[in-house]
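Asks: Can you read through this structure? Questions will come right after.
The values are calculated or read from the model by the stated rules, or taken from the named source; none is laboratory data. In this text, all values refer to a predicted model and were calculated from it rather than measured experimentally. Backbone-built Cβ (ideal geometry, glycine too); neighbour counts: all protein chains shown. In case anyone asks, the SASA skips ligands and DNA or RNA and just uses the protein heavy atoms, side chains included. Shrake-Rupley method; radii C 1.70, N 1.55, O 1.52, S 1.80 Å.
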Amino acid sequence: MRVSRQQAAANRERVLDTAGELFRRHGLDGVSIADIMKAAGLTHGGFYNQFASKEALAEEACARGVRASVAALYDSAAGPPGASADGGSRQDALRRVLDDYLSVRRRDDPQEGCTVAALAADAGRSSPQMQRVFVSGVTGMAQAMGSVTGDPPADGVSASPDFPALAAMVGAMILSRAVHASDPALSDRILEETSQYLADG
């Protein structure tokens, strides 16, 4: 039975969302098309009506994920809804970003966390197209970090990207996850000490 155009679009969105979550949890090579379609509650046969290949799906899902990661940094910096218009001091904004990004909650739930931290190593072994997706994510996230760690930009000029701060945060998350199962205390320490290091400037 044919589905409506509206239902097909909704199914495509569901596949993209599901794929992004599974890729972040298991890696690009750790998930099959069948895994994705089953988790999305759809039949395997419908996949190729929506995507040319698993690689095409991965690129689109990761592009969506890195955009969300960039937006999440800006949202953390801005503070919760109802906060003052300027979000408090730049130090307050940085503290919010660090508390959110380098949290135990983020470490323990990679499928809901940062696509760059979850899949950076996979991207480095992937196609040039996938690497371009991560270029966009890394530069966007570094720009977001620069907005809270750098000097206030002049009128009409964006803040300079802060790649070192971003690298420290992403690296800390990767290392914290790598050791967590065998040494939870070390895992916590990596997050806490990196957060303090960046907060201290």
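Asks: Sort through T149, T194 and tell me the only one that's hydroxyl-bearing (S, T, Y), over 14 Å from V116 (Cβ atoms), modelled with pLDDT of 95 or more and surrounded by 14 or more Cβ atoms within 10 Å (Cβ to Cβ).
Replies: T194
Asks: Taking E55 and the conditions (1) open to solvent by 80 Å² or more (accessible area, probe 1.4 Å); (2) within 23 Å of the chain's Cα centre (by Cα); (3) over 24 Å from G113 (Cα atoms), which numbered condition does it fall short on, given that it satisfies the others?
Replies: (3)
Asks: Moving to a separate point now. For segment 19-27, state whether one or more residues are surrounded by fewer than 20 Cβ atoms within 10 Å (Cβ to Cβ), out of contact with any Ser or Thr (no Cβ under 6 Å at 6 or more places or on another chain) and of a type in the set (A, V, I, L, M, F, W, C).
Replies: No, the conditions are met nowhere in segment 19-27.
Each row is one residue, and each column tells you yes or no for (1) open to solvent by 20 Å² or more (accessible area, probe 1.4 Å); (2) of a type outside the set (A, V, I, L, M, F, W, C); (3) modelled with pLDDT of 95 or more; (4) closer than 16 Å to M169 by Cα.
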{"site": "F51", "(1), (2), (3), (4)": "no, no, no, no"}
{"site": "G65", "(1), (2), (3), (4)": "no, yes, yes, no"}
{"site": "P81", "(1), (2), (3), (4)": "yes, yes, no, no"}
{"site": "S89", "(1), (2), (3), (4)": "yes, yes, no, no"}
{"site": "L102", "(1), (2), (3), (4)": "no, no, yes, yes"}
{"site": "D108", "(1), (2), (3), (4)": "yes, yes, yes, yes"}
{"site": "G113", "(1), (2), (3), (4)": "no, yes, no, yes"}
{"site": "V116", "(1), (2), (3), (4)": "no, no, yes, yes"}
{"site": "Q131", "(1), (2), (3), (4)": "yes, yes, yes, no"}
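Asks: Working only within segment 30-49, note down all residues that are surrounded by 12 or more Cβ atoms within 10 Å (Cβ to Cβ) and in contact with a Lys or Arg (Cβ under 9 Å, 6 or more places away or on another chain).
Replies: Passing the criteria: V31, S32, I33, I36, A40, L42, H44, F47.
Asks: Still on this model: How many residues does segment 9-48 hold that are of a type in the set (F, W, Y) and touching a residue at least 24 places away in the same chain (Cβ under 8 Å)?
Replies: 2
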